[in-house]
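In what follows, a single structure is set out as structure tokens and then discussed.
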Amino acid sequence: MKKVFIIHGWSGYPEEGWFPWLKEELEKRGFEVIVPAMPEPDEPKIETWVPFLSKLIGVPDSNTFFVGHSIGCQTIIRYFETLPKETEIGGAVFVAGWYNLRNLETEEEERIAGPWVNTPRNDDKIRKIINGKAVAIFSDNDPWVIPENQNSWKEKVGAEIIIEHAKGHFAGDDGIKELQSALDALLKISS
């Protein structure tokens, strides 16, 4: 059975925004879908989130798929980095993912985001594990994700890029309750 892990972002939660809709749509199509509550969502840390995801997933295979939102995207690629290099996954959809951020307003935001932005990654290994089975979705008016991130996801991960109009950061606060492009991308990757 194909299994999908939907990983929320910073201060996110499993019932936020479009996650319940995507879960239901995928379940209708026979997927098993897990939307975990990530630990301490207001203080996301690499050393907490990546091991949590690793333990949750166990051993991934070609029927294991990932959907990430915002810092959830970083969590997924940093998880991929920990896998044996011969690991196969089914694919990944990254929504509002970033390598660099803008408009961080407080020292606390900079302290939390800093390690995610500045800790080096093994992009070659991540790209090999993804193996061309990735889509990155962006909004043309995201207040935090700078447009240069599109090139980063294309070059570093090999993701196909989709740009949505006026979806903000695709967060619950943006009123996004459905995300057809994420569903379509996952169905395409998994077919």
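The values are calculated or read from the model by the stated rules, or taken from the named source; none is laboratory data. Only a predicted model underlies this, so the values are computations on that prediction, with no experimental measurement involved. Here Cβ is always computed from backbone atoms with ideal geometry, including for glycine, and neighbour counts include all displayed protein chains. The area values use the complete protein model at the heavy-atom level, side chains included, leaving out ligands, DNA and RNA. Shrake-Rupley method; radii C 1.70, N 1.55, O 1.52, S 1.80 Å.
Tabulated results
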item: Residue count for the stretch 110-127, restricted to those that are out of contact with any strand residue (DSSP E or B) (no Cβ under 8 Å at 6 or more places or on another chain) and part of a helix (DSSP H, G or I); result: 12
item: Only listed residue being over 22 Å from residue 145 (Cβ atoms), at pLDDT 95 or above and open to solvent by 10 Å² or more (accessible area, probe 1.4 Å), chosen from 57, 89; result: 57
item: All positions within the stretch 163-175 that are over 14 Å from the mean Cα position of the chain (by Cα) and either over 17 Å from residue 68 (Cβ atoms) or modelled with pLDDT of 95 or more (or both); result: 163, 164, 165, 166, 167, 168, 173, 175
item: Qualifying residue in the stretch 142-154 (condition: under 15 Å from the mean Cα position of the chain (by Cα), surrounded by fewer than 17 Cβ atoms within 10 Å (Cβ to Cβ) and on the phi < 0 side of the Ramachandran plot); result: yes
item: Top-ranked residue of the stretch 130-139 - restricted to ones that are open to solvent by less than 90 Å² (accessible area, probe 1.4 Å) and either assigned to a loop (DSSP other than H, G, I, E, B) or in contact with a Pro (Cβ under 9 Å, 6 or more places away or on another chain) (or both), ranked as modelled with the lowest pLDDT; result: 132
item: Criterion: more than 23 Å from residue 114 (Cα to Cα), of a type in the set (Asp, Glu) and touching a residue at least 60 places away in the same chain (Cβ under 8 Å) - qualifying residue of 25, 43, 15; result: 25
item: Residues within the stretch 52-76 that are of a type in the set (Gly, Ala, Ser) and either in a helix (DSSP H, G or I) or on the phi > 0 side of the Ramachandran plot (or both), tallied; result: 4
item: Answer residue from the stretch 9-45, given it is small (Gly, Ala, Ser) and surrounded by 19 or more Cβ atoms within 10 Å (Cβ to Cβ) and is farthest from residue 172 (Cα to Cα) among those; result: 9
item: Which numbered condition residue 49 misses (of (1) among the aromatic types (Phe, Trp, Tyr); (2) modelled with pLDDT of 95 or more; (3) not in a helix (DSSP H, G or I)); result: (3)
item: Criterion: among the small types (Gly, Ala, Ser) and on the phi > 0 side of the Ramachandran plot - qualifying residue of 159, 171, 134, 166; result: 166
item: Only one of 99, 79 that is part of a helix (DSSP H, G or I) and either under 24 Å from residue 17 (Cβ atoms) or more than 14 Å from the chain's Cα centre (by Cα) (or both); result: 79
item: So residue 62, is it in contact (Cβ under 8 Å) with a residue 24 or more places away in the chain, open to solvent by 10 Å² or more (accessible area, probe 1.4 Å) and closer than 15 Å to residue 134 by Cβ; result: yes
item: Close pairs from the stretch 166-190: first farther than 19 Å from residue 11 by Cα, partner of a type in the set (A, V, I, L, M) and surrounded by fewer than 22 Cβ atoms within 10 Å (Cβ to Cβ), Cβ under 6 Å, at least 6 apart; result: 181/162
